[in-house]
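Chemist: Please see the structure below; I have some questions.
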Amino acid sequence: MSMNNKFRLCVFGCFAVYSSNSLGLDLVGAVPYDRGIAPRTNEQREASYVVYDVLAARPDVNELSLLALTNLDQGNEWYAFSREMFLYRVKFSDASYMSALSLTRWPTEVNDESLGAFTSNYSGDWYDYGLTLDTWVDRKGIGCLSDAPLRYGDIEDDGISELVLMLGDVDRTLDILVFSPEQETVTFGMRAAFQDSFPAEFPDKAGYEYVSEIDMRSPYPAERIYAKVFVGEFDGDTETTNELIVWRKRFNPYPVGSSNQGFYLDQSSFEHYVQVDEYQRQATDQATVQQWLASKNLRWPDGYPNVSECEGQEGELIPEMHDPLLNDPDVLQ
Ligand SMILES: [Ca+2]
Ligand SMILES: [Ca+2]
């Protein structure tokens with residue numbers, strides 16, 4: 001992530017530039033497998049055919065589920081991402097298959113018990129909370145970020161590019177994964193959003209104006225959980241150059257009969273990560289981490305993801321993550 005207050009995205013090889021008043025990851029979209037509609041260079045076009053043919057020749061690959069590919073604008077190795085959550089690596093020069101990685105949620109986040117309330121629901125395991133990529137016509141992904149699921153960029157400005165995956169199960173979840181080609185592994189992952197919130201059909205019976213999708217008449221209250229990531233030097237230790245702060249918020253609905261409408265902030269979390277091989281959570285206490293953000297005047301809207309890519313909404317703050325209905329002064333400008 002650069003500090004130049006620019007948000008740059010190139011979803012279809014088009015290098016659109018969105019200005020933003022906040023920090024943003026400088027990411028470029030991969031070349032989509034869209035039958036050649038989006039503009040691309042001759043090299044990208046040729047590589048898309050070569051990679052497709054290499055993968056189609058393998059019985060263990062469903063080439064029809066390929067979504068996008070990139071070589072991170074350098075070199076001979078191309079990465080192709082499939083809807084089935086595989087990241088394939090193919091060498092262009094001799095059309096050779098190199099590897100496949102089945103992507104999962106980041107174990108460091110999943111296994112951190114202190115984050116359970118921020119990354120999953122409590123109303124039962126009624127759908128898969130793994131990685132899913134799904135968009136419906138009437139339920140676009142959060143900020144429409146998962147419309148361009150494979151991107152790349154140098155997130156820490158350390159001269160080495162990473163792949164960044166934006167994976168959403170319609171508007172229920174948004175997971176962000178960082179894959180290091182150098183280390184051949186996922187180095188960071190974050191459940192940026194978990195939403196399960198619908199207006200109750202029978203609020204008096206449910207006890208809440210907003211309830212879980214599991215059953216509109218059920219007593220399960222809605223859940224809205226968001227996370228933002230900040231990149232920079234925070235701890236004053238020049239040995240640790242690649243640092244991340246993750247700021248999470250969990251919102252619960254007010255009960256029926258409350259004088260307030262909408263949601264209230266139930267819990268927050270401030271985590272400090274330092275890259276060793278992958279990013280590792282530090283023991284830094286949360287008040288200190290919160291103070292680091294405050295001392296740099298970094299606010300909730302500054303954290304990534306922040307800017308919507310939905311049609312007609314481009315460059316605006318993602319509405320769900322900055323919603324007045326959350327009754328939280330942090331999430332507003
Ligand atoms: Ca980097
Ligand atoms: Ca440091």
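Chemist: For a quick check: with amide H placed at 1.01 Å from N, whose amide H comes under 5 Å from Thr187's, ignoring anything fewer than 5 positions away on the same chain?
Modeler: Val178, Phe179, Ser180
Chemist: If I take every Cα pair under 8 Å that is 6 or more residues apart in the range 107-331, average their sequence separation and divide by the length, what percent do I get for the relative contact order?
Modeler: On the way: 465 pairs, mean separation 32.6, N = 225.
Dividing the mean separation by the residue count of the range 107-331 yields 15 percent.
Chemist: Would you mind checking which residues have amide H under 5 Å from Asp26's amide H? H placed 1.01 Å from N; only 5 or more apart, or other chain.
Modeler: Residues meeting the amide H criterion: Ser2.
Chemist: Another one. Which of Ser269, Ser180, Ser99 moves the most in a Gaussian network model of the chain with Cα springs under 10 Å?
Modeler: Ser99
Chemist: Would you work out which of Ala200, Pro255, Thr119 lies farthest towards the positive end of the dipole of the chain? Charges go on Cβ: Lys and Arg +1, Asp and Glu -1.
Modeler: After comparing all options, I get Ala200.
Chemist: Which longest uninterrupted range of the chain lacks any trypsin sites (Lys or Arg not before Pro) assigned by DSSP to a loop state (not H, G, I, E or B) and surrounded by at most 16 other Cβ atoms within 10 Å? Walk me through the intermediate numbers first.
Modeler: Details: sites that count: Arg35, Arg83, Arg139, Arg217, Lys296.
Segment 218-295 is the longest.
Chemist: To continue, here is another question. For labels at Asp330 and Asp134 in the simple 7 Å Cα→Cβ model, what's the distance in nm?
Modeler: 3.0
Chemist: Continuing with this model, one more query. Taking GluC sites (Glu not before Pro) that fall in a DSSP loop and have at most 15 other Cβ atoms within 10 Å as cut points, what is the longest piece of the chain between them? Write out the running numbers ahead of the final one.
Modeler: Working: sites that count: Glu84, Glu182, Glu184, Glu201, Glu233, Glu239, Glu311, Glu314.
Longest gap between qualifying sites, sites excluded: 85-181.
Chemist: Follow-up question, since we're still on this one. Cut-off 10 angstrom, C-alpha nodes, Gaussian network model of the chain. Which of Asn76, Asn260, Asn42 fluctuates the most?
Modeler: Asn42
Chemist: For His322, His272, what's the fewest-to-most ordering of other Cβ within 10 Å of each Cβ? Display every interim value, and only then the final one.
Modeler: Values: His322 19, His272 22.
By the 10 Å Cβ count, ascending: His322, His272.
Chemist: Pulled fully out, how much extra length does the chain show between Gln286 and Gln74, if you take 0.36 nm times their separation in residues and subtract their Cα-Cα distance?
Modeler: The span from Gln286 to Gln74 would gain 72.4 nm if fully extended.
Chemist: Can you give the angle from 0 to 90° between the axis of helix 42-56 and the longest principal axis of the chain, with both taken from C-alpha atoms, to the nearest 10?
Modeler: 80
Chemist: Let me ask something else about it. Using only DSSP helix segments of four residues or longer, with each worth -39500 (n - 2.57), what per-residue ellipticity at 222 nm results for the chain after dividing by its residue count and rounding to 500? Before the final figure, lay out each step's value.
Modeler: Values: 5 runs with 37 residues, N = 333.
Counting only the DSSP helices, I get -3000 deg cm²/dmol.
Chemist: Still on this structure, please answer the following. Pick from Gly168, Gly232, Gly159: which residue has the top mean-square fluctuation in a GNM of the chain where Cα pairs under 10 Å get a spring?
Modeler: Of Gly168, Gly232, Gly159, the most mobile in the Gaussian network model is Gly159.
Chemist: How are the alpha carbon pair distances in the range 107-331 distributed across 5 Å bins from zero to the largest one, expressed in percent?
Modeler: Distribution as computed: 1, 6, 14, 18, 20, 17, 12, 6, 3, 2, 1, 0 percent.
Chemist: Could you give the length gained by full extension between Asp60 and Thr41, i.e. 0.36 nm per residue of separation minus their alpha carbon distance, to one decimal place?
Modeler: Gain on stretching Asp60 to Thr41: 3.9 nm.
Throughout, read-outs are computed from the coordinates displayed, never taken from laboratory work. All values reported here derive from a predicted model rather than from experimental measurement. Glycine also receives a Cβ, built like all others from the backbone with ideal geometry; neighbour counts cover every protein chain displayed.
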